[in-house]
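Scroll down for the structure; my scribbles are underneath it.
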Amino acid sequence: MQSADDNVVTDLPRFRPGSDKPFIVGLSILSGTYAVIIVAMIVADIAYVDADSMLSALRSKEIQYSIGLSLLSCSLSTLLSLWVAIPLGYLTSRFDFPGKRLLDTVLDIPIVLPPLVIGISLLALFNFAPFSWTSQWVVFEIPAVIIAQFMVACAFAARAMRISFDQIPTRYEKVALTLGCNRGKAFWLVVMPQAKRGILAAGTLAWARSLGEFGPILVFAGSTRMRTEVLPTSVYLEMQAGNLKGMLAISLIMILAAAAVLVTSRLMGMKRLAP
Amino acid sequence: MISVEKLQVRQGEFSLSDISLKLPEGEYGVIVGRSGCGKTTLLEAVCGLRPIDGGRICLGSEDVTTLKPGERGVGYVPQDGALFPHLSVARQLAFALVLRKAEPKHIQERVEELAERLGVSHLLDRMPDSLSGGERQRVALGRALSIRPRYLCLDEPLSALDEETHDEIYDLLVQTVKGTGVTVLHITHNKREVENLADVVFRMADNELSCER
């Protein structure tokens with residue numbers, strides 16, 4: 001029979017697990033390199049653009065139109081995205097229903113599909129009724145810009161909202177239901193106030209996605225100056241004209257807009273942009 | 001009386017079947033059993049928070065099986081109180097009365113009365129994140145009592161508290177609930193709570209519920 005003493009190891013040297021340094025240094029080098037490259041890219045943009053080309057870009061009527069349309073379309077597509085993403089996120093977070101997994105998969109399509117294909121698919125969709133009834137006012141017009149931005153931004157916003165609702169325990173709704181709420185009231189009075197940050201995160205994500213949207217807009221809304229030209233379209237048009245400095249100046253405007261979004265989201269207490 | 005007859009609940013791989021329980025009016029019933037045996041499911045079914053696949057639930061003489069939770073007149077306190085994080089203590093206590101569109105004067109009187117009874121009068125303007133564990137449970141109990149329920153369902157209301165606070169809330173339960181005519185179903189793992197609070201003990205094990213007095 002084994003005695004308790006057999007388990008006591010006395011003659012082995014003290015075990016040393018080894019230093020943590022190589023692991024920590026490895027983590028720091030890999031993470032640091034990526035962060036440095038991100039910052040270096042932006043510094044390179046700034047270094048390349050001189051004040052003259054920045055000013056001439058800002059003075060150009062086309063660019064002013066493009067900035068205006070970008071701000072307007074991104075804001076509208078963000079509102080539309082939240083309008084759909086909040087109920088969609090809540091539905092998929094709280095309810096089990098037949099076809100839920102299928103719906104989940106369908107919602108991933110705009111995220112995984114190549115952006116250009118979304119544009120082509122929208123173009124195809126507007127050949128069929130009832131969409132075709134409106135296509136003369138939509139396709140290659142401003143509404144096409146907003147729809148193209150919405151189709152991608154909404155998928156990201158819906159994911160963000162789903163995660164945000166998942167993080168709010170159902171206990172609050174349960175208590176609210178016993179106190180006399182119906183499901184709708186429990187949602188408005190108890191869940192929505194707690195989802196404020198999630199809504200802000202989803203909105204910021206949708207806005208940033210919309211701002212950078214290019215492929216679907218190019219295909220579905222075209223790249224007509226002073227009509228469907230948004231900032232990424234301007235970069236593309238400047239590049240086609242061989243105006244590298246103009247292209248970088250516009251990119252810088254987009255970097256500033258993105259930075260403004262990041263700073264605003266941090267100021268409003270969000271820890272990170274994407275969930 | 002809380003009466004559950006042949007309750008059946010299926011949810012994924014978990015199921016309860018043929019669970020029956022009778023708790024006479026005004027008595028304090030404690031449900032004990034291992035984690036995961038279905039105590040919370042049973043309690044939530046009584047509150048109307050869990051869809052059931054079969055059986056009948058009666059509160060008093062009324063069959064409430066198909067009634068919504070808010071129509072059953074059951075006060076519910078979950079494990080950590082689940083105070084609404086965006087509402088002050090006063091608004092937590094007033095929540096159900098505001099929903100019922102009660103007169104502002106009546107709401108204020110009721111909130112003050114509850115706050116005094118539960119010893120939270122000095123906390124009325126505070127937000128939940130600035131309250132201690134014991135204070136939260138007091139407010140949660142007050143919020144559940146605000147609708148003057150005839151039935152109270154408590155899901156391990158004392159389990160997250162340290163020993164001293166546990167005793168304090170335990171005394172409060174004895175004072176405010178026991179002997180007031182409210183019929184209580186209380187889930188716990190604590191032997192002392194079973195010994196001192198329970199008029200009836202329901203033991204849940206292997207999908208069966210036994211009753212001891």
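The values are calculated or read from the model by the stated rules, or taken from the named source; none is laboratory data. Computed from a prediction, not measured in an experiment: that's the story for all the values here. Virtual Cβ from ideal backbone geometry, glycine too; neighbours counted across all protein chains shown.
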Search the stretch B:138-149 for residues that are within 11 Å of another protein chain (Cβ to nearest Cβ) and pair each with any residue that is of a type in the set (S, T, N, Q) and part of a helix (DSSP H, G or I) when their beta-carbon atoms are under 6 Å apart and the residues are at least 6 apart or on different chains.
B:Arg143/B:Gln92
Go through the stretch B:34-46 residue by residue and tally those that are within 14 Å of chain A (Cβ to nearest Cβ) and either crowded, with 23+ Cβ neighbours inside 10 Å or small (Gly, Ala, Ser) (or both).
2
Checking the condition among the aliphatic types (A, V, I, L, M), more than 18 Å from A:Tyr172 (Cα to Cα) and buried (at least 21 other Cβ atoms within 10 Å of the Cβ), which residue from B:Leu141, B:Leu118, B:Leu172 passes?
B:Leu118
Any idea which of (1) part of a helix (DSSP H, G or I); (2) at pLDDT 90 or above is the one A:Ile168 doesn't satisfy?
(1)
For the stretch B:49-73, name all the residues that are facing chain A (nearest Cβ under 8 Å), within 23 Å of B:Ser17 (Cβ to Cβ) and either of a type in the set (Gly, Ala, Ser) or not in a helix (DSSP H, G or I) (or both).
B:Leu49, B:Arg72
Is it the case that B:Val89 is within 13 Å of B:Arg136 (Cα to Cα), modelled with pLDDT of 95 or more and either over 23 Å from the mean Cα position of the chain (by Cα) or surrounded by 21 or more Cβ atoms within 10 Å (Cβ to Cβ) (or both)?
yes
Scanning the stretch B:96-109 for residues that are facing chain A (nearest Cβ under 10 Å) and touching a helix residue (DSSP H, G or I) at 6+ places or on another chain (Cβ under 6 Å) gives B:Ala96, B:Leu97
What is the one condition in (1) in contact (Cβ under 8 Å) with a residue 60 or more places away in the chain; (2) closer than 14 Å to B:Leu83 by Cα that B:Cys153 does not satisfy?
(2)
Scan the stretch B:79-89 and give yes if some residue there is more than 11 Å from chain A (Cβ to nearest Cβ) and not in a strand (DSSP E or B), otherwise no.
yes
I'd like to know if the stretch A:121-140 contains one or more residues that are touching a Ser or Thr at 6+ places or on another chain (Cβ under 8 Å), at pLDDT below 90 and either more than 20 Å from A:Leu200 (Cβ to Cβ) or among the polar types (S, T, N, Q) (or both).
yes
